[in-house]
């Protein structure tokens with residue numbers, strides 16, 4: 001009953017916040033578009049670039065000044081497209097810019113120098129929305145916009161949930177945002193922020209995982225970013241599955257603006273503006289607090305397992321005249337949750353599980369131009385992630401006892417230096433070095449039998465070092481043919497492990513609107529630090545750490561792609577890939593089938609050796625109609641296989657071998673009112689994907705132990721049910737003179753499909769119960785821009 005009352009109150013609050021004056025829409029509203037034009041390779045400002053609003057009536061256009069800055073003032077609000085040209089550079093179109101009445105739009109636009117002296121003028125340019133921001137990446141990459149993270153149904157303003165719509169990408173059925181790319185373990189994902197690798201930026205994340213229930217990255221602070229699914233360019237290391245290359249936007253350096261948001265996910269505030277008058281520096285800051293925790297504190301809701309979290313992020317931009325541009329950024333998060341396991345009538349508490357975690361990231365970047373063709377970018381950053389877990393279990397005398405206590409503290413000090421130079425229009429080189437100091441204090445102790453003496457699975461503290469370097473060379477052989485080659489090197493001081501990884505990419509535009517691409521790369525990744533310090537007992541009951549010398553897991557990626565820009569707003573993309581995995585960590589037992597990549601979270605308490613292998617192969621198809629005339633759709637599908645071979649020599653399905661994924665996203669917006677300044681929209685997403693593999697429960701042993709015990713020699717032997725998910729989103733955007741109101745209802749799993757995805761032991765009934773996919777989940781949003 002309390003949950004129903006909560007939903008009613010939220011609905012009334014959101015509907016009541018719509019001003020009566022919003023119905024008066026006869027006023028014409030306009031907004032400014034500001035930005036800066038630079039050379040992609042050198043980051044030098046471009047003077048005299050022409051920026052026009054396509055299909056504007058009357059014509060609206062301007063040119064960049066001596067510092068590359070421009071302003072298009074008094075642009076009619078709505079969705080607009082810009083076309084940018086500059087003498088000696090390739091033209092660029094930026095489509096589907098959403099312009100509201102409350103906030104200016106600021107764009108950082110980079111142009112690529114043309115290798116032909118005379119460039120054909122294109123009156124109706126093709127949209128290159130799908131091309132990555134990183135021009136060294138020629139295959140298996142996708143740029144995504146902040147607007148898409150809020151528009152795509154079921155994304156919940158989370159980039160991790162949004163990319164699950166892409167070909168070859170899927171998520172689990174339990175509701176977390178862990179990402180499975182081409183059948184690889186989510187362990188192989190890397191998160192990057194402002195050009196550096198960061199710890200898992202999710203609340204309630206388990207040790208060794210890369211996902212969680214709620215992402216701490218707030219979409220209000222993000223700008224367009226890249227997501228890669230394979231054959232990464234040489235600057236990316238310590239990943240073999242996928243890469244989120246996330247960028248923070250700069251705050252408005254001309255006027256102060258604010259955003260307030262309230263949703264079932266949290267209540268948040270965003271502030272931005274100029275640091276001082278007459279200075280081009282800016283600030284941008286956001287803070288979010290869990291809505292459910294607020295409602296719980298107010299007594300409106302009352303149930304166990306309330307997720308309590310808060311996070312904040314910021315970016316300061318500090319340009320100078322002599323030593324380049326400085327940026328200071330940060331991301332912070334804190335979360336806590338207490339879950340209780342109770343009997344069906346809630347009369348007896350069988351157990352309590354508590355998770356407490358926090359995240360800190362702070363860094364400073366300096367972008368220093370060197371001459372007219374080069375720049376040096378240095379970043380110094382500190383990050384830390386700390387998690388604590390406690391588990392209490394009901395004992396024989398009806399008393400709770402502490403059965404498990406864990407602590408995982410990681411801190412990282414990073415220095416990254418990248419040098420980029422453009423030799424000429426055809427040749428550019430990028431090289432860099434990255435040093436990471438890794439500190440750790442990790443322990444896991446259990447006493448499940450309530451003996452009063454804890455057993456340590458891991459108990460270690462100390463530090464180590466990871467050194468990485470790379471060099472990339474891009475050669476634009478002809479206007480139609482481009483080559484990117486490079487090498488990445490890594491050295492891990494803990495066990496003197498090293499890896500030399502060649503990379504190459506090739507792209508051939510054999511027709512103006514069609515291209516073929518090829519990519520190859522060797523990639524590697526460290527395991528979770530806890531894995532290296534697992535303690536096992538030998539035949540004399542003495543502890544030892546068998547995994548101290550465990551090497552990096554490695555993969556060779558081969559990708560062949562075809563792109564066809566069918567028309568200005570419709571793109572077809574097909575990619576076939578093969579991944580040869582080797583040096584995989586597998587249990588050191590000739591009869592075992594355990595592969596570390598199948599263990600997605602928690603401690604991997606086995607004796608591992610790097611003698612496993614695997615392979616992923618498949619074909620992917622994407623057909624996307626970019627948002628145009630208030631309508632878009634995206635169809636993606638993939639057929640794939642994912643196999644592992646452990647020491648027993650038998651090739652088996654990996655845990656993540658779902659065999660297929662298919663997604664259809666579709667959406668439409670409608671202009672409402674006399675002037676059409678307000679918008680009503682709907683978006684839908686339909687997903688089908690094959691089930692993951694799980695391990696069945698041993699009922700008899702579970703009853704004897706009083707906890708879940710899985711069947712021996714049956715690891716990941718049963719495939720779960722196929723998943724069907726239907727998401728639906730409805731939105732309403734109201735533009736006023738100086739404010740903008742947004743209302744949104746996002747419903748995940750609208751049909752409440754309940755596929756079986758795993759098995760678990762129920763301590764209350766002493767029987768096996770099915771774990772099912774996340775049930776229907778409605779989320780409400782209200783956002784005020786002013």
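Structural remarks
- Expressed to the nearest 5 percent, the antiparallel share of DSSP beta bridges inside the chain is 95 percent.
- Pairwise Cα inverse-distance average, inverted: Kirkwood Rh of the stretch 568-721 (Å): 19.0 Å
- Additional length obtainable on full extension of the chain from residue 477 to residue 768, 0.36 nm per residue less Cα span: 98.5 nm
- Cα point-scatterer Debye curve for the chain, base-10 log of I(q)/I(0) at q = 0.05, 0.08, 0.10 Å⁻¹: -0.26, -0.69, -1.11
- Burial ranking of peptide ranges 539-545, 441-447 (average Cβ count within 10 Å, highest at the top): 441-447, 539-545
- Peptide ranges 87-95, 292-300, 650-658, 168-176 listed from the most packed, as the mean C-beta count within 10 angstrom indicates: 168-176, 650-658, 87-95, 292-300
- Taking one quarter of the surface of the convex hull spanned by the alpha-carbon atoms of the stretch 272-356 gives a direction-averaged projected area of 8.4 nm².
- Sorting the Cα pairs of the stretch 716-786 by distance into bins of 10 Å, from 0 upward, gives 17, 28, 23, 16, 10, 5, 0 percent per bin.
- Label-point separation, residue 423 to residue 660 (7 Å along Cα→Cβ), nm: 4.8 nm
- Residues of the stretch 759-786 with an amide N closer than 19 Å to a point placed 7 Å from the Cα of residue 730 along the Cα-to-Cβ direction: 776-783.
- When each of the peptides 725-737, 453-465 is scored by how many other beta carbons lie within 10 Å of its residues on average, the order from highest to lowest is 725-737, 453-465.
- Kirkwood hydrodynamic radius over Cα pairs of the stretch 414-547, then Stokes diffusion coefficient at 4 °C and 1.567 mPa s, in µm²/s: 68 µm²/s
- The sum of -39500 (n - 2.57) across all DSSP H runs of n ≥ 4, divided by the residue count of the chain, sets its helix-only mean residue ellipticity at 222 nm to -1500 deg cm²/dmol.
- Rotationally averaged projected area of the stretch 246-387 (alpha carbon convex hull; nm²): 11.9 nm²
- Computed Kirkwood radius, in angstrom, where 1/r is averaged over Cα pairs of the stretch 648-779: 18.3 Å
- With an a/c value of 1.5 or above and a/b larger than b/c for the gyration tensor axes a ≥ b ≥ c computed over the alpha-carbon atoms, the stretch 346-405 is described as prolate.
- Max-minus-min Cα coordinates of the stretch 491-636 on each principal axis give 72, 33, 29 Å, with the largest extent listed first.
- Rg [Å, one decimal], Dmax [Å, integer] - the stretch 378-483, C-alpha atoms: 24.9, 79
- Put in line by how crowded their Cβ is, counting other Cβ atoms within 10 Å and starting with the fewest, 38, 751 read 751, 38.
- The mean sequence distance of close C-alpha pairs (under 8 Å, at least 6 residues apart), as a share of the length of the stretch 554-640, puts its relative contact order at 29 percent.
- Debye-sum result for the stretch 529-591 in log10 I(q)/I(0), which assumes one identical scatterer on each alpha carbon, at q = 0.14, 0.25, 0.28 Å⁻¹: -0.65, -1.08, -1.16
- Relative contact order computed over the chain (Cα-Cα under 8 Å; 6+ residues apart), in percent: 11 percent
- Taken over the alpha carbons of the stretch 127-232 as equal point scatterers, the Debye sum produces base-10 log I(q)/I(0) values at 0.17, 0.18, 0.20, 0.24 Å⁻¹ of -0.80, -0.90, -1.15, -1.73.
Throughout, read-outs are computed from the coordinates displayed, never taken from laboratory work. Predicted model, so just to flag it, every value in this text is computed and none were measured. Because the Cβ atoms are built from the backbone with ideal geometry, glycine has one as well, and the counts that use them run over all protein chains shown.
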